[in-house]
Amino acid sequence: MKLFDTHAHILDARFDADRDEVLKRCREVGVERIMEGCCDEAEIDAVLALAEKEEMVVGSVGVHPHAAREMTNATLDKMEQALAHPKILAVGEIGLDYHYDFSPRDVQRHWLGQQLALAAQKNVPVILHNRESSGDMLEILTAHKNGLRGVMHSFSGSYETAARCLDLGLYIGLGGPLTFGNAVKPRELAARLPIDRLVIETDCPYLTPVPFRGKRNDPSLLPYILTALAQCRRMDEQELAEQLFANSLALFQLI
């Protein structure tokens, strides 16, 4: 069984003591690829180094909405340079976050637009973060729909929002919340969405699936998310894994 974790943060300090051991466990359970998400300018060099060191890791470059207040045109230049590397496959994690508002909303919107434009220019997909900001997010994505490709990561919205994302050509990323006991609506959504537009992710070290909630998440727990999605869709796990792996390769233009 081949699995692709389409969104992880292996560079998080919580992995500093055992990163190599975690990646070894990932390989043992069938995780063949991990997309390392980038959250700010300071992480760009680290993502490059990790992708060069670990064959199974590919990377993205981008500035998370939390750090948008720190972004400059020089950051965009550094991202553009990094996208020349053959293992840097996407612009992300980018988007809007109106829950925490760590950056002013107008600043978030401005730099989301700038990063979307860079992705379109470089013909790479985007990895999108959206929290309590669907209206503005969809408006900006629609304005940048020409050349838009990518994934709405850790999707938690309505079916109507998901349908708008699909219409824009995006994939939907699902993760640990599918396993939570109160996840009735997420499971209903997962059952309705077209199978060829779904991918799975851990978003580790966050959103740890049941039965490990409360502990650090890592990509070796991706099979638990696969099982939950297979149950939602009443599918064979092997068949589902093959479809999801193919979807992930297509998302990141690896086929």
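Given (1) closer than 24 Å to Leu141 by Cβ; (2) among the hydrophobic types (A, V, I, L, M, F, W, C); (3) open to solvent by less than 20 Å² (accessible area, probe 1.4 Å); (4) in a helix (DSSP H, G or I), identify the lone condition not met by Ala51.
So Ala51 meets the others, but not (1).
Filtering segment 1-17 down to residues that are without any contact (Cβ under 8 Å) to a residue 40 or more places away in the chain and open to solvent by 80 Å² or more (accessible area, probe 1.4 Å), which residue is nearest to Gly173 (Cα to Cα)?
Asp16
Determine which member of the set Asp20, Asp45, Asp40, Asp77 is closer than 27 Å to Leu244 by Cβ, surrounded by fewer than 19 Cβ atoms within 10 Å (Cβ to Cβ) and modelled with pLDDT of 95 or more.
Sole residue among the options that is closer than 27 Å to Leu244 by Cβ, surrounded by fewer than 19 Cβ atoms within 10 Å (Cβ to Cβ) and modelled with pLDDT of 95 or more: Asp20.
Could you count how many residues in segment 23-37 are more than 27 Å from Val126 (Cβ to Cβ) and surrounded by 24 or more Cβ atoms within 10 Å (Cβ to Cβ)?
Number of matching residues: 0.
Between a residue in segment 146-162 that is under 12 Å from Leu174 (Cβ atoms) and any residue that is loosely packed, with under 14 Cβ neighbours inside 10 Å, which pairs come within a Cβ distance under 7 Å, given they are 6 or more apart or on different chains?
Every condition considered, no pair remains.
Restricting attention to segment 178-217, which residues are surrounded by 20 or more Cβ atoms within 10 Å (Cβ to Cβ) and outside any loop (DSSP other than H, G, I, E, B)?
Leu178, Thr179, Pro186, Leu189, Ala190, Leu198, Val199, Ile200, Cys204
Any residue that is surrounded by 15 or more Cβ atoms within 10 Å (Cβ to Cβ) and basic (Lys, Arg) - is there at least one of those in segment 96-105?
The answer is yes; a qualifying residue exists.
If the Cβ limit is 9 Å and pairs must be 6+ apart or interchain, which residue in segment 122-143 that is touching a residue at least 12 places away in the same chain (Cβ under 8 Å) and surrounded by 22 or more Cβ atoms within 10 Å (Cβ to Cβ) pairs with which residue that is of a type in the set (Val, Ile, Thr) and not in a strand (DSSP E or B)?
Pairs that qualify, where the first residue is touching a residue at least 12 places away in the same chain (Cβ under 8 Å) and surrounded by 22 or more Cβ atoms within 10 Å (Cβ to Cβ) and the partner is of a type in the set (Val, Ile, Thr) and not in a strand (DSSP E or B), are Asn130/Thr161; Met137/Thr161.
Just for segment 54-74: of the residues that are under 18 Å from His7 (Cβ atoms) and not in a strand (DSSP E or B), which one is most open to solvent (accessible area, probe 1.4 Å)?
His66
Taking the condition of being assigned to a helix (DSSP H, G or I) and surrounded by 13 or more Cβ atoms within 10 Å (Cβ to Cβ), how many residues in segment 164-177 meet it?
5
State yes or no: is Ser156 of a type in the set (Gly, Ala, Ser), open to solvent by less than 20 Å² (accessible area, probe 1.4 Å) and either modelled with pLDDT under 95 or assigned to a helix (DSSP H, G or I) (or both)?
Judged against the criteria, Ser156 is not a match.
Could you tell me which numbered condition Ala120 fails, if it satisfies all but one of (1) in contact with a helix residue (DSSP H, G or I) (Cβ under 8 Å, 6 or more places away or on another chain); (2) of a type in the set (Gly, Ala, Ser); (3) under 18 Å from Tyr171 (Cα atoms)?
Going through (1) in contact with a helix residue (DSSP H, G or I) (Cβ under 8 Å, 6 or more places away or on another chain); (2) of a type in the set (Gly, Ala, Ser); (3) under 18 Å from Tyr171 (Cα atoms) one by one, Ala120 breaks only (1).
Only one residue in Asp203, Asp97, Asp167, Asp106 is at pLDDT 95 or above, on the phi > 0 side of the Ramachandran plot and acidic (Asp, Glu). Which one?
Answer to the selection: Asp203.
Is one or more of the residues making up segment 142-153 over 21 Å from Leu254 (Cα atoms), in a helix (DSSP H, G or I), modelled with pLDDT of 95 or more and among the aliphatic types (A, V, I, L, M)?
Yes - at least one qualifying residue is present in segment 142-153.
Looking at Gln253 and the list (1) open to solvent by 60 Å² or more (accessible area, probe 1.4 Å); (2) over 29 Å from Val124 (Cα atoms); (3) part of a loop (DSSP other than H, G, I, E, B), which single condition is not satisfied?
Looking at each condition in turn, Gln253 falls short on (2).
The values are calculated or read from the model by the stated rules, or taken from the named source; none is laboratory data. Keep in mind that this is a model prediction, so the values were computed, not measured. Don't worry about glycine lacking a Cβ; one is built from the backbone with ideal geometry, like all the others, and counts go over all protein chains shown. These accessible areas exclude ligands, DNA and RNA; they are computed on the full protein's heavy atoms, side chains included. Shrake-Rupley method; radii C 1.70, N 1.55, O 1.52, S 1.80 Å.
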